[in-house]
1. Just to be sure before I move on: is residue 30 farther than 11 Å from residue 83 by Cα and either assigned to a helix (DSSP H, G or I) or in contact with a strand residue (DSSP E or B) (Cβ under 8 Å, 6 or more places away or on another chain) (or both) in the structure I sent?
2. Given (1) buried (at least 18 other Cβ atoms within 10 Å of the Cβ); (2) at pLDDT 90 or above, identify the lone condition not met by residue 38.
3. Scan region 44-61 residue by residue and report those that are modelled with pLDDT of 95 or more and crowded, with 16+ Cβ neighbours inside 10 Å.
4. Just checking, which of 39, 19 is in contact with a strand residue (DSSP E or B) (Cβ under 6 Å, 6 or more places away or on another chain) and either closer than 16 Å to residue 77 by Cα or part of a loop (DSSP other than H, G, I, E, B) (or both)?
5. Residues of region 48-87 being without any contact (Cβ under 8 Å) to a residue 40 or more places away in the chain and in a strand (DSSP E or B), which ones?
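The values are calculated or read from the model by the stated rules, or taken from the named source; none is laboratory data. Here the structure is a predicted model, which is why all the values come from computation and not from measurement. We place every Cβ from the backbone using ideal geometry, glycine too, and count neighbours over all the protein chains shown.
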């Protein structure tokens, strides 16, 4: 298994996935995060499931195999950085 992602992510075992909710002060920051995450996902070929509202985004990264790949764990780490930049 790849290294675990940063604190704040929930690891579910069956099915194997990472989940995290990001909260933002307003729609503009939420939109920036979603746009940047889309670009990051396309670049890395790892596409999370998203649900969102005006000031929050819930991200679910499902493992493609029986373990989390480095790409899936890296996406979680990079999503954390995008959330910090969006505020």
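1. Here the answer is no, as residue 30 does not meet what is asked.
2. For residue 38, the failing item is (1).
3. Of everything in region 44-61, those that are modelled with pLDDT of 95 or more and crowded, with 16+ Cβ neighbours inside 10 Å turn out to be 48, 52, 57, 59, 61.
4. Details: 39 fails: in contact with a strand residue (DSSP E or B) (Cβ under 6 Å, 6 or more places away or on another chain).
Every option except 19 fails the conditions.
5. Once the filter is applied, which keeps residues that are without any contact (Cβ under 8 Å) to a residue 40 or more places away in the chain and in a strand (DSSP E or B), region 48-87 yields 49, 50, 51, 52, 53, 56, 57, 58.
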